[in-house]
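Structure below; questions to follow.
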Amino acid sequence: MRIESTAVEAAVQEVLGLAADSGATGVICHHKVLGRSNWGQTRATLALVDAALNKGLNVYLDHYPFTSALR
């Protein structure tokens, strides 16, 4: 993804759009939102992924498993 901080929602939308337009499976590896001021944005990004799944889009993600991304 292009960015994982202030514009993370647009970046997720871009990945989902690319997957939808190409027919490829979308994969977001180590999904996270960087920067304390951006915490909570995963509610919106996960909702976008959930909506894409409900529309039948093949998309997968995993989350960033390390606490060092919280700083």
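The values are calculated or read from the model by the stated rules, or taken from the named source; none is laboratory data. From a predicted model like this one, the values you see are computed outputs, not experimental measurements. Using ideal geometry, Cβ is built from the backbone for each residue, glycine included, and neighbour counts are taken over all protein chains shown. Just so you know, the surface numbers come from the protein's heavy atoms only, side chains and all, with ligands and any DNA or RNA stripped out. Shrake-Rupley method; radii C 1.70, N 1.55, O 1.52, S 1.80 Å.
Please go through the stretch 30-68 and pick out each residue that is farther than 15 Å from S5 by Cα and outside any helix (DSSP H, G or I).
Passing the criteria: K55, G56, L57, N58, V59, Y60, L61, D62, P65, F66.
For every residue, the table says whether it meets (1) at pLDDT 95 or above; (2) open to solvent by less than 60 Å² (accessible area, probe 1.4 Å).
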{"site": "E14", "(1), (2)": "yes, no"}
{"site": "S22", "(1), (2)": "yes, no"}
{"site": "H30", "(1), (2)": "no, no"}
{"site": "S37", "(1), (2)": "no, no"}
{"site": "Q41", "(1), (2)": "no, yes"}
{"site": "A47", "(1), (2)": "yes, yes"}
{"site": "K55", "(1), (2)": "yes, no"}
{"site": "P65", "(1), (2)": "no, no"}
{"site": "A69", "(1), (2)": "no, yes"}
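I need the full set of residues from the stretch 1-51 which are farther than 18 Å from D62 by Cβ and polar (S, T, N, Q), in order please.
The answer is S5, T6, Q13, S22, S37, N38.
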